[in-house]
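Enquirer: Quick one: the structure is below, and I'll ask about it shortly.
Here, each number is a calculation from the coordinates, and none is a lab measurement. As the structure is a computational prediction, the values presented were derived from the model and not from experiment. Cβ placement follows ideal geometry from the backbone for every residue including glycine, while neighbour counts extend to all protein chains displayed.
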Amino acid sequence: MKFIVNSMLGYWLVLLLFSCIVAGVVFWIWLKDVMV
Amino acid sequence: MFEFAIAGIQAPIFLLMITGFTVGIVGGFIGVGGGYMVTPALIVFGFPGYMASGIDIMHIAGKSVVATVRHRQLGNIDWILGLAMVGGTMMGVEMGVRILNWTKALGLSAIALLTGSVVIMLGLFIYTQIETRRAHKRIDEISEAGVTVGRELKATRFSDFWQSIKIYPIVRCHVARIIISLWVIVFVGVCTGVLAGFFGVGGGFIRVPALVYVIGATTHIAVGTDLLEIVVSAGYGGLRHFMSGNVDMVAVFWMILGAMVGAQFGSIATAFVRGPAIRYILAYSLGLAVVGAFFRLIYLLTGQQYMFLNLFAVVFTLGEMLFLCLFIGSLVLFAVQYRRGKWVPAWIPALVVKED
């Protein structure tokens, strides 16, 4: 974990991936709620 | 879900508040309104396009007041620079809108506009990223030599040329510590205003780099001063949209509720970091916005057939907002850890300020 965090690019990629996954999940939950 | 009577739709209040909160953090930190992130999100929530723009610009005006007050307390506003630029920007925006109307009458399509804004954002991203990496390396080298580095090193020498133009009146910007011709400030304001008016954006992501690389202000001053300018331009824009019936004030209220808190966090976070950290976040927001806009462009160019492209663009835009907030939060967390002498990644010391 420290190895990834120690590299700025690695940290950046992991954080972006995590954010997109969370956004995707939230969006999918909301979409399921909205779609008839 | 809440019934928004003016917009004529139902939308989740929670998502509006979260959107306002995340964009508030980013906007308070890098000095942008965040319209290029919020407007697509509002359209996804179901607001009609014209109303998404109106709600967005109205919420930007409110959020920017909060962020400006906080930045004033942090000493990041140069009033002379800000107020001189406001005049030029308002003129430029009006010119930009008229040029847009003229080109639309000649047959310029929405796709061409989107392509143009992608090209500009891409260019700004590449330049800012390269310059910031260079500054990051320089700070590392200077620190290793045992010299104490302040909050900022000079970004480029390009600003020396503009500061050397001696057309009266020449003003002394005390907070920004520059002496520059008033006409240069107005000219830069007009140019950024034309781009903002033409592409229909607030222009913060153009104006902050202009203040740093052309005028020669430090990044913190550029952020605070730009937010002051956004209060005026977004306030005027919001008023015009309101008069045109493009604003659902209830939706604005919920967004500002989140944005007011977010803007505080974002503004205070600037006190923990050096200039290059803010420029990194600005570059990332531009780069990621280009990716989202690129997918949207492909979706439009393929005749809106492939829905997954549009959905991917939306998820990426929402993910980008969360990513930027998490990155800003990480910078503050690492800054606090660094001050306490704990372990931080190797790339952190050059980006954060050790003492207040």
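Enquirer: Sorting B:254, B:183 on the 10 Å Cβ count, fewest up front, what's the list?
Expert: B:183, B:254
Enquirer: Ignore the peptide's own chain and count Cβ atoms of other chains within 10 Å of each Cβ in B:307-320; give me the average, rounded.
Expert: That works out to 3 on average.
Enquirer: Which residue fluctuates most in the GNM of chain B (Cα springs below 10 Å): B:50, B:213, B:168?
Expert: Comparing B:50, B:213, B:168 in the GNM, the peak value goes to B:168.
Enquirer: Can you sort B:248, B:160, B:226 from fewest to most other Cβ atoms within 10 Å of each residue's own Cβ?
Expert: In increasing order of surrounding Cβ atoms, one gets B:160, B:248, B:226.
Enquirer: A further question on this structure: Please list the non-local residues whose amide H lies under 5 Å from the amide H of residue B:178, H modeled 1.01 Å from N, same-chain partners needing a gap of 5 or more.
Expert: Correct list: B:173.
Enquirer: Hey, in the GNM for chain B with a 10 angstrom Cα cutoff, which one of B:329, B:189, B:238 fluctuates hardest?
Expert: Fluctuation is largest for B:329.
Enquirer: Can I ask one more? Please count, across chain B, the pairs of lysine residues with Cα atoms under 20 Å apart that sit 8 or more places apart or on different chains.
Expert: Close lysine pairs found across chain B: 4.
Enquirer: Moving to a separate point now. Which of the listed residues, B:148, B:61, B:261, is farthest toward the dipole's positive end in region B:2-339, when Lys, Arg count +1 and Asp, Glu count -1 at the beta-carbon?
Expert: B:148
Enquirer: If you put +1 on each Lys and Arg Cβ and -1 on each Asp and Glu Cβ, how big is the dipole of region B:136-289 around its Cα centre, in Debye rounded to 20?
Expert: Charge dipole of region B:136-289: 360 debye, to the nearest 20.
Enquirer: Rounding to the nearest 20 debye, state how big the charge dipole of chain B is about its Cα centre with +1 on each Lys and Arg Cβ and -1 on each Asp and Glu Cβ.
Expert: 680
Enquirer: Ok, one more. Charges on Cβ only, +1 for Lys and Arg, -1 for Asp and Glu, centred on the Cα centroid of region B:2-339; of B:99, B:31, B:183, which one is farthest towards the dipole's positive end?
Expert: Value computed over the given set: B:183.
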